[in-house]
Every structure is written in C-alpha cells, then in structure tokens.
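A.B. asks: This is the structure I have questions about; it appears just below.
The values are calculated or read from the model by the stated rules, or taken from the named source; none is laboratory data. It should be emphasised that the depicted structure is a prediction, and the values quoted were computed from it without experimental measurement. Glycine gets a Cβ as well: all are built from the backbone with ideal geometry, and neighbour counts include every protein chain shown. Areas reflect the complete protein model, heavy atoms only, side chains present, ligands, DNA and RNA absent. Shrake-Rupley method; radii C 1.70, N 1.55, O 1.52, S 1.80 Å.
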Amino acid sequence: MKLCIDDANVERIRHIYAYFPVDGVSTNPSILAKTGRTPYEVLKEIRSIIGEEGELFVQATAQKAEAMVEEAHRIVKELGETTLVKVPCTPEGFKAMKGLHEEGIRFIGTAIYTTMQGWLAAKCGAEYVAPYVNRIDNMGFDGIQVSKDIHDAISGSGFDSGLLAASFKNSQQVLELAKYGVKAATVAPDIIEGLVKNAAIDAAIRTFTEDFEGLCGKGKTMADL
C-alpha cells in the first residue's frame, strides 16, 4: 500500500519525508486554505520536497465539467505530469473525468461516500478513488466497510483503479485497509507518526541503551568501539 501525506504544511511534509517511507502528498482546497498562502506557491514548494517521482494530488474547484478540465490542464502545466487532479464524484465530475481520460491526464475521483461513486469513477478511468473513511463513520455508516466494498467492486469489474483511502481518525483504520490490500492511503502527519508511537517501544529501546552504556560507557555506541 502506498502511503501519502494528507497535509499542505510544508514543514510537516518535510519532516515526515525525512523519517518515513512515504510516496506522495494529497491536498484539498480546505487544507490549502489553512496555509494562508497562494495555492501554487505552496504546491510548488511541496513538489520541490517530494521530487518529480512523488505523486502530488491537487483538487479541481470548478463546478462545471468543462471548467474542471481547463483547471486540470493548468494544474498539470504548473506542477508536472506526475500530478494527479482530484475530481469530485458528481455528474459534472464524471463528465470531466471522461474528457481527462481521453486526453491521458492522470486523475482521481474524490469526495466519495458511497460504493457506486467509487465504481463509477473507476469506470471513467480514475487512477484512484478516494473514500472518506471517518466522514462516512460520522454519517452513521462503516467507513472501513464501504472502502472494502469499493475495493471489491473495482477489483471484481477488472478496472485498473484502486483506492486512495482518506479521512482517517486513527492508525487502526489505516492498518485495517493495509491488511485488506488497498492501493494507497492518504494520512495526516500526526496519524503517520502514531503508526509507531508506543510506550513499550520506547521502554525497550531505553533498556537496550542503558544496558549497553553500562557495559561500554555513557554515550557510547557501536561506532565508538
């Protein structure tokens, strides 16, 4: 499963990229608004951090299909061909997806709350579809199960698309979908760090360090011997 950062804060992105094996960055208009900076300024800085090989997800904000396609052209022109345009799974969005697919522009279906939204986006040629796991939970449904249902529907139909699951509240949700074999997940920095945040891990490392220093001296490591 690919792991992407769900954020537009460049310092957080830089930190996560330095320590964790991540594959890209996913943004949306609300995330970009939190930076207080102009969108392309932020996105170009993110691109410089993740490199050309990193996948960058940027959402179209237009309401009509033709305007979404025009927006997609600008996004890819500014940020490179490894950038994927996020298109909402609405009738206008599906119309835009069909046009983008014909042009060979990479895109994903976003704002997904139902299995059929994900299936239709995959049928339109979306490289990824993005169900909102925690938001689905907050509506009284099971976000993990909906995500699995979308995964199964796409796989069963033989589409090349896969999930870019989004909107997580904890690391357990990420683990559940990783075990299920979904294609990717986009996760907030604090949840990524929480994947390995455990008092037992810290205690074990502390014991190893104390025992080694008791044998070889304070502050010593294997490099000093």
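A.B. asks: Restricting to the range 85-101, what's the tally of residues that are outside any helix (DSSP H, G or I) and surrounded by fewer than 24 Cβ atoms within 10 Å (Cβ to Cβ)?
C.D. replies: Result for the range 85-101: 2.
A.B. asks: If the requirement is being touching a strand residue (DSSP E or B) at 6+ places or on another chain (Cβ under 8 Å) and hydroxyl-bearing (Ser, Thr, Tyr), which of these qualifies: SER147, SER157?
C.D. replies: It is SER147.
A.B. asks: A follow-up question, please. Name every residue in the range 102-121 that is under 28 Å from GLU45 (Cβ atoms) and either modelled with pLDDT under 95 or surrounded by fewer than 23 Cβ atoms within 10 Å (Cβ to Cβ) (or both), in order of residue number.
C.D. replies: Scanning the range 102-121 gives GLU103, GLY104, ILE105, ARG106, ALA111.
A.B. asks: Could you check GLU213 against (1) more than 25 Å from VAL58 (Cα to Cα); (2) touching a Lys or Arg at 6+ places or on another chain (Cβ under 7 Å); (3) surrounded by 15 or more Cβ atoms within 10 Å (Cβ to Cβ); (4) not polar (S, T, N, Q) and say which number it fails?
C.D. replies: Only one criterion in (1) more than 25 Å from VAL58 (Cα to Cα); (2) touching a Lys or Arg at 6+ places or on another chain (Cβ under 7 Å); (3) surrounded by 15 or more Cβ atoms within 10 Å (Cβ to Cβ); (4) not polar (S, T, N, Q) is unmet by GLU213, namely (3).
A.B. asks: If THR186 satisfies all but one of (1) part of a loop (DSSP other than H, G, I, E, B); (2) in contact with a strand residue (DSSP E or B) (Cβ under 9 Å, 6 or more places away or on another chain), what's the number of the condition it fails?
C.D. replies: With (1) part of a loop (DSSP other than H, G, I, E, B); (2) in contact with a strand residue (DSSP E or B) (Cβ under 9 Å, 6 or more places away or on another chain) applied to THR186, the lone miss is (1).
A.B. asks: For residues that are of a type outside the set (Asp, Glu) and over 21 Å from the mean Cα position of the chain (by Cα), scanning just the range 69-93, find the one that is farthest from THR27 (Cα to Cα).
C.D. replies: Step one: of the range 69-93, the residues of a type outside the set (Asp, Glu) are 69, 72-77, 79-80, 82-91, 93.
Within this subset, residues satisfying the condition of being over 21 Å from the mean Cα position of the chain (by Cα) are 69, 73-74, 77, 91.
Numbers: VAL69: 18, HIS73: 17, ARG74: 16, LYS77: 17, PRO91: 22 Å.
It comes out as PRO91.
A.B. asks: Given the condition assigned to a helix (DSSP H, G or I), open to solvent by 50 Å² or more (accessible area, probe 1.4 Å) and closer than 18 Å to VAL25 by Cβ, answer yes or no: does some residue in the range 174-182 qualify?
C.D. replies: Start the filter on the range 174-182 by keeping residues that are assigned to a helix (DSSP H, G or I), which leaves 174-180.
Remaining after also requiring open to solvent by 50 Å² or more (accessible area, probe 1.4 Å): 175-176, 179-180.
Those still in the list that are closer than 18 Å to VAL25 by Cβ too: none.
So far as the range 174-182 goes, no, none of its residues is assigned to a helix (DSSP H, G or I), open to solvent by 50 Å² or more (accessible area, probe 1.4 Å) and closer than 18 Å to VAL25 by Cβ.
A.B. asks: Out of the range 130-169, which residues are over 22 Å from VAL85 (Cα atoms), touching a Gly at 6+ places or on another chain (Cβ under 8 Å) and open to solvent by 50 Å² or more (accessible area, probe 1.4 Å)?
C.D. replies: Hits for the range 130-169: nothing passes.
A.B. asks: Output the number of residues of the range 46-90 satisfying the condition of being small (Gly, Ala, Ser) and farther than 27 Å from ILE16 by Cα.
C.D. replies: Here the count works out to 4.
A.B. asks: If you don't mind, there's one more thing I want to ask. Residue check: is ALA199 of a type in the set (A, V, I, L, M), farther than 25 Å from GLU127 by Cβ and open to solvent by 30 Å² or more (accessible area, probe 1.4 Å)?
C.D. replies: Yes.
A.B. asks: So, in the range 171-185, how many residues would count as being charged (D, E, K, R) and closer than 14 Å to ASP160 by Cα? Step through it out loud before you land on a result.
C.D. replies: The initial filter retains those residues of the range 171-185 that are charged (D, E, K, R), namely 176, 179, 183.
From what's left, closer than 14 Å to ASP160 by Cα: 183.
Residues that pass the stated criteria total 1.
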